[in-house]
Amino acid sequence: MKPGLKNPFNLIVTGVGGQGNVLASRILGNMLALGGFQITIGETFGASQRGGSVMSHIRISPGSTWSPQIPKGCADAIVALEPAEGVRVLSDYGHDKVCFISNTRPVYPAGVIAGGAVYPPIEEIRSGVLSLVPDALFIDATEEAIKLGRPILGNIVMIGALAATRLLPLDRKKFRVAADKFAGSDSLDYNLKAFDAGRRLFQTAMSRRSRPAYPVTRRS
Amino acid sequence: MSLLLKNKEGDKRLLMGNEAIARGAIEAGLAVATGYPGTPSSEIIENLSRISRQAGIYVEWSVNEKVAAEAAAAASFAGLRSLCVMKQNGVNVASDFLLHLAESGTRGGMVLVPCDDPGALSSVNEGDARFFARMLEVPLLEPGDFQEAKDMTRWAFALSEEIRNFVVLRSVTRLSHASGMVSLGKIPRGRTQAQFRHAGALLDPESGPMISCLPGAPQFTHRRQQDKIRTAREIFETSPFNYYEGPRRPEVLIVASSICSLYSREAIAMLGKAGKKCGLLKMGTTWPLPEKFLQKHLSSAEKIVFVEEVLPFLEENVLMLAGRWTRGKGPKSYYGKNSGTLPSYGEMNPDLIAEALGKVLAVRRRPVRPESFAAKAGAFADNAAPRRELTFCPGCPHRASFWSIHSALKLDGREGFVCGDIGCYTLAAFPTGFNSLRTVHSMGSGAGLAGGFGRLRAFGLRQPILAVCGDSTFFHAAVPALINAVHHQADLTMVILDNRGTAMTGFQPHPGLPVNAMQESAPPVEIENICRGIGVETEIRDPFDLKGTRDALLSFLEKKEGARVLILRQACSLSPEKKKKNSFKVRVDENACRGERCGCNRLCTRIFRCPGLYWDNRKQVARIDDVVCAGCGVCASICPAGAILKEDAV
């Protein structure tokens, strides 16, 4: 039995088709499996890859197989590659104590591009989420990935940020192994840079706070 | 090395359900695997195709599911183990052959894997393939988790050989596309020599001809088929894939199959103390049902709840048996889809089941989070998370094709319409494809329906008729419809949206491409040669050439009689050859874009709606999102003000 982790620990990675949601959940799942956890990942892909909402449910347990769907209101952590998708998932699966980390870069739905629907400014989303989850964090993951020359790596930046919370045993060594397997060794350097950038963004965001939000010292 | 070939017995790995099924087949000594792509089944054949050379297996993306089943059966007749994979809708296509195959029986182990899509998450319907097993009178297995997906697949081959008939192993999206831990087994060595023995006596199962029925003599083949299913029932009575967990005398007994057994276990846990009164009877062999095993467990409880997806298959088959047991057992209460306790459409989840169990046990669940949070978060999401409709990808050739089809029909002005079918282009029934498709049914049915409409001139139908189908769909099911239209002189224009692969499911090759599933070079069968060969006037255009495409369409629409084909050829923007390789750098000249004052009604963002474009509310001009834009340059051709500029990408 691994100490200190809820059984199961329920992690949701959400975003929009094409953002690398499935790859992110695979990498996370494999990092945790390397750590000896029993993992179930529930996800759907296919039609949703065409600009639809995508969501991966990752169940992390010391020893039992949990179902591929997290019950409503029972997420322990939500990683949003896209802010509005984070809000959607927060409403269905979140609660005021959930660990919520969101990218700030919107992907506009077709209805918003066409003008029928409204996508609120990111500041409005941020303050709305903070009023629900005081410890929520927003980071400029895509902007950071653009700096690396590969905007698609926003998903890896987000993995880095989640790793930095130390809620889960996600170290750089395991990331290297999992990323090598799923993202291909030719882009490993970029992936490691994105992972480190995510950790840095988290630290910077935390240093601006008056009190620590996450148990950053719980596990070494 | 691929996980599927790692010969480390006992190694525990995180595998996708479809990978687990593929691994199970490899552990069974698979020789031949065939299928047609379809979500959520495609990764099984895909994974096997990647290791075909190392594993010494033959893997084929067949032209359609019926041909896939025939190819797999041939391998079985020659004594090899074969796997045939398809999505549920594919079983409908294959069913004609399967009905015959079930009667002739098989030799080498043959496993048919249909993957259902409860909730129609990536399908046009949520058909339940399990009913075929009953109709075909063949055994049905439903793995309940990832380990079972592998282990039951391996076992299914042995079962098939034991009863000399093919076995159906049914998966669902939440198993096929989910991932879980799987402990690996051993991979056998050696290869079976293929030999079709056919010179023996007519009814000799080992060496006679494989003939499905003897006219007027069902007492031979059909009776033999039913003997096989009785043998399977006996085997299932002691199968380790059916088991019970819970108290000795539960107040409520849940009977569940497939992924619903994991949901049910979780729902029991969610009920806390009340859950301790529930027992779970997890069924892995669901046709034919092991009668004695079920009778033993059903007698332990008064209330029985059935949990399954999608239709009440298990429920009704158990009730059929229970009807025979009523004497001496007393009446029980049965809950499921027939009682309205659980819905008979859509997919299940732990919440739905916990709620249903709560009703049956008459207990109230404690809320898992403050209700105030749920209300506040719900209201916030209604505002802050606008609905995300499915759209064609940035740079998708279909958007350009339907733009031209839509404008040609508008210019023609006779209320013409488009009949479509299944593929990414199904989305053209919605705003992303300008609501162009007016009929959508099964593979190839756009062409068939258009041919039918095209014969209604005599009844006064004057509307121009278009059919669309994709390149893979053309080979799969549209060719007979086109031949029918030609021979019966139906009036229609068929548009083949050739994006160079089976794009929706992940670029599996089809007979029109110079490569096969195993990435070997293969002679391509050209679509235009088929069309011209059957006497259809055929033109080929690039859909990104909007003017050329529209002109071709208009000239076809003017010809009022006979069938014509327009092939719109441009590779999918997600295809490996195109991905990340933008042809153009596109930008908006904000001095030239006149926004709402233009009179174009914001054609680019409001109508064309490519996700690569967005509207800058502050400056009131269109913009390109460089992160999203695929650089196809089509939007530059639609802007009436010439404000969208494209330059060759460096």
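The values are calculated or read from the model by the stated rules, or taken from the named source; none is laboratory data. Quantities reported herein were computed from a predicted structural model and do not represent experimental measurements. With ideal geometry, Cβ positions are generated from the backbone for all residues, glycine too; neighbour counts draw on all protein chains shown. Heads up: the accessible areas ignore ligands, DNA and RNA and are worked out on the full protein's heavy atoms, side chains in. Shrake-Rupley method; radii C 1.70, N 1.55, O 1.52, S 1.80 Å.
Below, the figures for the structure above:
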| read-out | value |
| --- | --- |
| Partners for B:K332 among aspartates and glutamates (Cα-Cα distance below 14 Å; same-chain residues under 8 apart left out) | B:E251, B:E302, B:E315 |
| Antiparallel bridge percentage (DSSP; both residues within the protein assembly as shown; nearest 5) | 35 percent |
| Solvent exposure ordering (accessible area, 1.4 Å, most first) of B:R107, B:R224, B:R455 | B:R455, B:R224, B:R107 |
| Amide N proximity, the range A:184-208 versus A:R150 label position 7 Å along Cα-to-Cβ, cut-off under 19 Å | A:184-201 |
| Residue-count net charge about B:T173 - beta-carbon cut-off 10 Å; Lys, Arg +1, Asp, Glu -1 | -4 |
| Per-residue average of Cβ from other chains inside 10 Å of A:56-63 | 1 |
| Under the Karplus curve 6.51 cos²θ - 1.76 cosθ + 1.60, θ = phi - 60°, whole-Hz ³J(HN,Hα) for the range B:391-403, x wherever Gly or Pro sits | 9, 5, 5, x, x, 6, x, 5, 4, 5, 4, 6, 4 |
| Whole-number accessible area per residue in Å² for the protein assembly as shown, which is evaluated in the context of all protein chains at 1.4 Å | 39 Å² |
| B:R189-B:L645 pseudo-label distance in nm [points 7 Å out on the Cα-to-Cβ vector] | 6.8 nm |
| Principal-axis tilt of helix B:88-104 within chain B, Cα atoms, nearest 10 degrees | 50 degrees |
| Distribution of pairwise C-alpha distances over chain B, 20 Å bins, in % | 17, 43, 33, 7, 0 |
| Full-extension gain in nm, B:T439 to B:E520, via 0.36 nm per residue minus C-alpha separation | 25.4 nm |
| Between 0 and 90°, nearest 10: helix B:146-163 axis offset from chain B longest Cα axis | 70 degrees |
| Most mobile listed residue (A:I139, A:I125, A:I156) in chain A, GNM with C-alpha springs under 10 Å | A:I125 |
| Distance in nm between pseudo-label sites at B:F131 and A:D171 (7 Å out along the Cβ direction from Cα) | 5.5 nm |
| Area hidden from solvent between A and B (accessible, protein heavy atoms only, 1.4 Å, total, Å²) | 5100 Å² |
| Charge sum, other residues only, whose C-beta stays under 12 Å from A:K181's C-beta, Lys/Arg counted +1 and Asp/Glu -1 | +3 |
| Shape category assigned to the range B:526-650 from the gyration tensor of Cα positions, a/c cut at 1.5 | oblate |
| Cα-based shape type of the range B:15-174, given that a ≥ b ≥ c are square roots of the gyration tensor eigenvalues and the cut on a/c is 1.5 | rounded |
| Kirkwood Rh, angstrom, the range B:584-648 [1 / mean 1/r, Cα pairs] | 11.5 Å |
| Among A:G36, A:G73, A:G111, residue whose mean-square fluctuation peaks in a GNM of chain A (springs only between Cα atoms under 10 Å) | A:G111 |
| Helical contribution to [θ] at 222 nm, DSSP H n ≥ 4, -39,500 (n - 2.57), averaged over chain B, rounded to 500 | -10000 deg cm²/dmol |
| B:L203-B:E234 pseudo-label distance in nm [points 7 Å out on the Cα-to-Cβ vector] | 1.9 nm |
| Rounded FRET efficiency, nearest 0.05, which uses the C-beta distance separating B:K560 from A:L130 and R0 of 45 Å | 0.10 |
| Qualifying lysines (Cα of each under 16 Å from Cα of B:K12; at least 8 residues distant if same chain) | B:K150, B:K186 |
| Förster radius 25 Å - calculated FRET efficiency between B:Y345 and B:K296, Cβ distance, rounded to 0.05 | 0.20 |
| Efficiency of FRET from Cβ geometry, B:D626 and B:H487, R₀ 56 Å, rounded to 0.05 | 0.65 |
| Antiparallel content of DSSP bridges confined to chain B, in %, to 5 | 25 percent |
| Residues of type lysines that B:K646 reaches as a straight line, Cα spacing below 25 Å, ignoring anything fewer than 8 places off in the same chain | A:K147, B:K547, B:K578, B:K579, B:K580, B:K581, B:K585, B:K619 |
| Among beta bridges that DSSP assigns inside chain A, antiparallel share in %, nearest 5 | 55 percent |
| Stokes-Einstein D (µm²/s) once Rh is taken as the Kirkwood radius of the range B:403-553 over alpha-carbon pairs, at 20 °C in 1.002 mPa s | 135 µm²/s |
| Cut-off 13 Å between beta-carbons: net charge of the residues surrounding A:V22, Lys and Arg +1, Asp and Glu -1 | -1 |
| Distance violations [Cα-Cα > 29 Å] among B:K282/B:K376; B:K228/B:K292; B:K273/B:K337 | B:K282/B:K376 |
| For chain A: rounded, prolate or oblate by the Cα gyration tensor [a/c cutoff 1.5] | rounded |
| Crossing angle, helix B:546-558 versus chain B [Cα axis fit, 0-90 degrees, rounded to tens] | 80 degrees |
| Relative contact order (%) - criterion: Cα under 8 Å, at least six apart; region: chain A | 19 percent |
| Whole-Å semi-axes of the ellipsoid equivalent to the range B:363-469 (Cα gyration tensor, √5λ, descending) | 42, 17, 13 |
| Tail fraction, Cα-Cα pairs, the range B:467-513, threshold 12 Å, whole percent | 62 percent |
| Orientation-averaged projected area, Cα convex hull of the protein assembly as shown (nm²) | 39.0 nm² |
